[in-house]
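Trainee: Please see the structure below; I have some questions.
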Amino acid sequence: MTITITAFERSPDGGKGLARDTRVRWALEEAGLPYAVRLVSFQAMKELAHRALHPFGQIPTYEEGDLVLFETGAIVLHIAQRHAGLLPADADARARATTWMFAAVNTVEPPILELANAVLLERDTTWSTERLPRVQDRVRDRMRPLSEFLGDADWLDGAFSAGDLMMVSVLLRLRASGILDEFANLAAYVARGEARSAYQRAFAAQRAVNTAEIKEG
Ligand code: GTB
């Protein structure tokens, strides 16, 4: 059955792979699944046709026959539960890998998003300079224990899993701030994720979209 995802017609990051379709592409590549991509403009995302797929008018979405999903955590979990390569066979290890997926989107990603918003949207405010260090420290408050937990292991819980895929995807957004490099083992962990051939294919696919010449008309 054909899998179709949606992605930005043109990502604001110009192809750095930070938009969330990259993590879905990565999961599909890890699972060896072919997929199609429907590109949507910011305007189209807010129209009824897209909101029938995504109530909040965002990307990515995931269609597989009659099944329509949104939320990258749910999409990656769906892929991982039905295809080999992203979750361990042992039931307890599967539960732990799923826990790391939730930790990535629920515990680690929120302060990283807060930081991105502070930098992108609040720079012109009078209180930005005062607030920014506090927001950065809230990110460090998550990075420190994560770094301690990972230690010198390659992945969070044994072999690479969907938990690592989500965590690396979340941490990638932190690179530009310099905070990722304050934690050498986490920077190396992210680099290990990016070095995977499945990630490379996912990254190249989204980059091709975002660096292609814009067609007129
Ligand atoms: N929790 C949802 C999920 O995980 O699927 C969040 C989905 C989401 O935030 N989607 C964003 C979106 O559609 C794109 S990824 N935004 C448009 C809107 O809300 O109107 C977020 C994103 C956008 C741009 C960059 N960038 O340029 O660096 C990075 C990440």
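The values are calculated or read from the model by the stated rules, or taken from the named source; none is laboratory data. Quick caveat: nothing in here was measured; it's all calculated off a predicted structure. Heads up, the Cβs are rebuilt from the backbone with ideal geometry, glycines too, and the neighbour counts pull from every protein chain shown. All accessible areas refer to the heavy atoms of the entire protein, side chains included, with ligands and DNA or RNA removed. Shrake-Rupley method; radii C 1.70, N 1.55, O 1.52, S 1.80 Å.
Trainee: Find the helices (runs of 4 or more DSSP H) located wholly in segment 1-117 whose residues include 2 or more that are surrounded by 15 or more Cβ atoms within 10 Å (Cβ to Cβ), within 16 Å of the ligand (Cβ to nearest atom) and under 16 Å from the mean Cα position of the chain (by Cα), and list them.
Mentor: Details: elements: 21-30, 42-45, 48-51, 72-82, 91-102.
Fully inside segment 1-117 and qualifying: 21-30, 72-82, 91-102.
Trainee: Same structure again: I want to confirm something. Restricting to segment 118-129 and keeping residues that are more than 16 Å from the ligand (Cβ to nearest atom) and part of a helix (DSSP H, G or I), which single residue is most open to solvent (accessible area, probe 1.4 Å)?
Mentor: Step by step, filter segment 118-129, then rank; the result is 129.
Trainee: A follow-up question, please. Here is a list: 77, 69. Which entry is assigned by TED's automatic domain parsing to the domain that holds residue 205 and closer than 16 Å to residue 161 by Cα?
Mentor: Criteria check complete, one pass: 77.
Trainee: May I pose another question? Name the residue, out of 157, 164, that is assigned by TED's automatic domain parsing to the domain that holds residue 95, touching a residue at least 60 places away in the same chain (Cβ under 8 Å) and under 19 Å from residue 32 (Cβ atoms). Full working, then the answer.
Mentor: Working: 157 fails: under 19 Å from residue 32 (Cβ atoms).
Result: 164 is the single residue among 157, 164 that is assigned by TED's automatic domain parsing to the domain that holds residue 95, touching a residue at least 60 places away in the same chain (Cβ under 8 Å) and under 19 Å from residue 32 (Cβ atoms).
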